1. Put +1 on the Cβ of every Lys and Arg and -1 on every Asp and Glu Cβ in the chain; which of MET19, SER62, HIS32 then has its Cα farthest towards the positive end of the dipole?
2. Please report the carbon-and-sulfur percent of the accessible area for the range 6-131; probe 1.4 Å, protein heavy atoms only, DNA, RNA and ligands left out.
3. Expressed in nm to one decimal, what extension gain is obtained for the pair GLN75 and VAL11 from 0.36 nm per residue of sequence separation less their Cα-Cα distance?
4. Using 0.36 nm per residue of separation minus the Cα-Cα distance, give me the extension gain between VAL83 and ILE40 in nm, one decimal.
5. What does the charge dipole of the range 15-128 about its Cα centre add up to, to the nearest 20 debye, if the Cβ of each Lys and Arg holds +1 and the Cβ of each Asp and Glu holds -1?
6. Tell me the mean residue ellipticity at 222 nm calculated for the chain from its helices only (DSSP H runs of n ≥ 4, each -39500 (n - 2.57), averaged over every residue, nearest 500).
7. Mean separation of Cα pairs under 8 Å and 6+ residues apart, divided by the residue count of the chain: what relative contact order is that in percent?
8. If you roll a 1.4 Å probe over the heavy atoms of the protein chains, what accessible area per residue do you get for the chain, in Å²?
Amino acid sequence: MPSETRACGIVVAPDGASMTVYLPVATSTELHAALETSKIVAVVVTRPSTHESIQFKGMLRSIRVAEASEQATVQAYHDRLVVELESIGLPRRISRRMSTWPAYAVECTVDAVFDQTPGSRAGQRLNEVGS
């Protein structure tokens, strides 16, 4: 059964073959359980101001509680999200309240990448992994 939550950070490996997605512990209990069961990962990253969206599909490698050394990465991602959401009218006082820490670090493969931007290219595969 599909499950979803808002991520609070993502880091794609330089070779594009794997990524770490950060999920707020406070809002990810159901998704954590679903990932442990299915091992299938689909992550959609969207820029709200343009609706440009990319979907990554892959398989779970591991889920762990993020380390203190990763908090700066999560905070930087959240800071960029706050600016992006403000550009479409969501006040900072609201977006700053989104839960981000503590977080789970979901490590997974990237087996395929797809365009999910609304329009004629939606669903089109963008690349082969590593290319």
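The values are calculated or read from the model by the stated rules, or taken from the named source; none is laboratory data. None of the values given here were measured: they were computed from a predicted structure. Here the Cβ positions follow ideal geometry from the backbone for every residue, glycine too, while neighbour counts run over all protein chains shown. Each accessible area value is taken on the protein alone, full model and side chains, heavy atoms only, with ligands, DNA and RNA left out. Shrake-Rupley method; radii C 1.70, N 1.55, O 1.52, S 1.80 Å.
1. HIS32
2. 55
3. That works out to 21.8 nm of additional length.
4. 12.4 nm
5. Computed about the Cα centre, the dipole is about 320 debye.
6. Per the formula, -7000 deg cm²/dmol.
7. Here the relative contact order equals 33 percent.
8. Ligands and nucleic acids excluded, the figure is 59 Å² per residue.
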